[in-house]
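In what follows, a single structure is set out as structure tokens and then discussed.
The values are calculated or read from the model by the stated rules, or taken from the named source; none is laboratory data. Fair warning: this is a prediction, and the values are worked out from it, not measured in the lab. Here the Cβ positions follow ideal geometry from the backbone for every residue, glycine too, while neighbour counts run over all protein chains shown.
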Amino acid sequence: MPPMIVWATSALLCPFFTEFFPDPTEVSDAAGEFIEIALDSTQTDTLWIQQEDKVPIPFFDLKGKRVLFHRDSVICNENSTLSCRSMSFSALPNSRESLWILKQGDCIDSAYLPVPKSGKSIQRIGSDYKAWEYSTPTPGFPNSKLEPGTHDCELKLLKNSFQSGKFKIDVTLEGCDSASVYYERELLDFSERKISGTFFIQKIQSVSFPSDGTPEKLRLILPEDDVSSNDTLNLLMISKEKSPIALTEIHFCPAEGYSEWVELYNSLPVSLPIETISFCNRSVLFSGSLGAYESVLISRDSTQLREEIGFNDVRLIKMNFGTLKNTADTLCLCHANDTLQCVSWGKTENHFCPQGFNPKTHRKENTPGMQNNRMTNNLNNMPFDLEINKRVLSKRTNEEIRVKIEGDVLVQILLHSENGTLLWHKNIEKPQGEWIHIPLESFKPGIYFLKCKSGSYEKNFGLVLRP
């Protein structure tokens, strides 16, 4: 049976089938299969869908530009342009052709589908809406390269870097020749500054933002179109001069039978995405994010390393970064197109074996997951001394978290939530050893981070507030 479409007035006034996904490969058919239909937002009649010779099924109160029929709500995020409905049809045929019919008011659409291919959706194409093609699934939004009548302007990053006091990005447009771009810059320092504005670009263009190198999150937003999933570009902007991510310990010559490992540290009070971070030409990119003040150990054998260090509090990442030479070698950390840090070792560090060393001080060190006074280049010249009375507090007691600080410098005290939000701060000018109350008990039970800082020197503590 050939495909057929009958519309009362025009294609723009009637709903029609756009995509079928009968045979997923990454999940079971019962979880991943879906049907997508483009809607006319002015239609209020009941939508009826018939699967071959089975009884038609009604669907009510459909809103937006399209509806996604699914068996697993994970794949469908309902919004103003998308309705989500649980699929009440029987299993979609995945080994033969099939016929589907929909009706809404005076509108009728039919879809005669070819035999499905495993892992591929069946996407409607062509200006007359009569052809179908196998494609990558796009649940909830149109495939702008195949579905007729869609408008999709996409912003893609070509390159980003820090040069001569500016963050520079090279971007290109796909699906349109020009666009107005709204940007939001969130500076990742204690000022919590946010800057926004707009600029106009044409096809391929370079855009620069003046900066002193302070890390920031840059968000570029295009005007909304038919494919909202690619209208926003989120970037992490980092400079070599003020990089918040650093190698803080390297174990290049462990004892026989143990694994080489390196430690990566995020010195900011906010979580950072690390998808653009790598060991330059040694490995693929990282994935996920690095939490506020979080240290992570990276090794080719994370299971062996976990047994070696003997505790579970430190996060481990398994990654093959090659072999670190015992005699002399260099390990570099890169972000996008920029080199953030390079650490070299040779004869001076060889006598540390089988321990590791601190790249800042080039001194022997074996403290996986610990930072504290490591960020100063001169460990014998600490700008202040600090003592904390406890790390765990219960709201049911009358006790307090207190710190004692002594030094001849200005010390910043900052309390952050687990997700990096600044909750409380205080500046102490030349503290003389007085006990300072940290108002932890006034917040909700959970995990918190206390940071005491003067210049580049800092001490960090994890705090727990129990009910």
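Is it true that some residue in region 301-308 is within 23 Å of residue 458 (Cα to Cα), of a type in the set (Lys, Arg) and outside any loop (DSSP other than H, G, I, E, B)? Don't jump to the end; show me each part of the working.
In the first step, residues of region 301-308 are kept if they are within 23 Å of residue 458 (Cα to Cα); the result is none.
No, because not a single residue in region 301-308 is within 23 Å of residue 458 (Cα to Cα), of a type in the set (Lys, Arg) and outside any loop (DSSP other than H, G, I, E, B).
Kindly indicate the residue of region 371-397 that is modelled with pLDDT of 85 or more and of a type in the set (A, V, I, L, M) and also surrounded by the most Cβ atoms within 10 Å (Cβ to Cβ) among those meeting that condition.
Ranking the candidates gives 393 first.
When you go through (1) out of contact with any Lys or Arg (no Cβ under 8 Å at 6 or more places or on another chain); (2) surrounded by fewer than 20 Cβ atoms within 10 Å (Cβ to Cβ); (3) among the aliphatic types (A, V, I, L, M) one by one for residue 102, which number turns out not to apply?
(2)
Any idea which residue in region 1-37 is modelled with the lowest pLDDT, counting only those that are part of a helix (DSSP H, G or I), surrounded by fewer than 17 Cβ atoms within 10 Å (Cβ to Cβ) and out of contact with any Pro (no Cβ under 8 Å at 6 or more places or on another chain)?
Of region 1-37, the ones part of a helix (DSSP H, G or I) are 11-13, 29-32.
Checking the rest, the ones that are also surrounded by fewer than 17 Cβ atoms within 10 Å (Cβ to Cβ) come to 12-13, 29-31.
When the remaining residues are screened for being out of contact with any Pro (no Cβ under 8 Å at 6 or more places or on another chain), the result is 12-13, 30.
Values: 12: 50, 13: 75, 30: 73.
Checking each candidate, the answer is 12.
For every residue, the table says whether it meets (1) touching a residue at least 12 places away in the same chain (Cβ under 8 Å); (2) within 23 Å of residue 236 (Cα to Cα); (3) not aromatic (Phe, Trp, Tyr).
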position: 261; (1), (2), (3): yes, no, no
position: 268; (1), (2), (3): yes, yes, yes
position: 277; (1), (2), (3): yes, yes, yes
position: 291; (1), (2), (3): yes, yes, yes
position: 301; (1), (2), (3): yes, no, yes
position: 304; (1), (2), (3): yes, no, yes
position: 307; (1), (2), (3): no, no, yes
position: 322; (1), (2), (3): yes, no, yes
position: 325; (1), (2), (3): yes, no, yes
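Just checking: which of the strands (runs of 3 or more DSSP E) contained wholly in region 137-191 hold 1 or more residues that are surrounded by 15 or more Cβ atoms within 10 Å (Cβ to Cβ) and polar (S, T, N, Q)? Before you say what the answer is, go through the steps one by one.
Values: elements: 154-163, 166-174, 178-187.
Qualifying strands (runs of 3 or more DSSP E): 154-163.
Kindly establish whether residue 287 is modelled with pLDDT under 85, within 30 Å of residue 422 (Cα to Cα) and either outside the structural domain of residue 453 (by TED's automatic domain parsing) or out of contact with any helix residue (DSSP H, G or I) (no Cβ under 9 Å at 6 or more places or on another chain) (or both).
Yes; evaluated as a whole, the condition is true for this residue.
Here are some residues: 52, 26. Which one is more than 37 Å from the chain's Cα centre (by Cα) and farther than 25 Å from residue 149 by Cβ? If you could, list the steps in order and put the result at the bottom.
On the way: 26 fails: more than 37 Å from the chain's Cα centre (by Cα).
Selected residue: 52, the only one of 52, 26 that is more than 37 Å from the chain's Cα centre (by Cα) and farther than 25 Å from residue 149 by Cβ.
Given the criterion within 17 Å of residue 31 (Cα to Cα) and free of Cβ contacts under 8 Å to residues at least 60 places away in the same chain, identify the matching residue among 88, 118, 80, 95. Don't jump to the end; show me each part of the working.
Numbers: 118 fails: free of Cβ contacts under 8 Å to residues at least 60 places away in the same chain; 80 fails: within 17 Å of residue 31 (Cα to Cα); 95 fails: within 17 Å of residue 31 (Cα to Cα).
The unique qualifying residue is 88.
What are the residues in region 400-432 that are in contact with a strand residue (DSSP E or B) (Cβ under 6 Å, 6 or more places away or on another chain) and either in the same structural domain as residue 188 (by TED's automatic domain parsing) or in a loop (DSSP other than H, G, I, E, B) (or both), if any?
400, 409, 418, 431
Taking only region 422-467 into account, find how many residues are among the polar types (S, T, N, Q), touching a residue at least 12 places away in the same chain (Cβ under 8 Å) and surrounded by fewer than 13 Cβ atoms within 10 Å (Cβ to Cβ).
Step one: of region 422-467, the residues among the polar types (S, T, N, Q) are 427, 432, 442, 454, 456, 460.
If we keep only those that are touching a residue at least 12 places away in the same chain (Cβ under 8 Å) as well, we get 427, 432, 454, 456, 460.
Still in the running and surrounded by fewer than 13 Cβ atoms within 10 Å (Cβ to Cβ): 427, 432, 456.
Qualifying residue count, region 422-467: 3.
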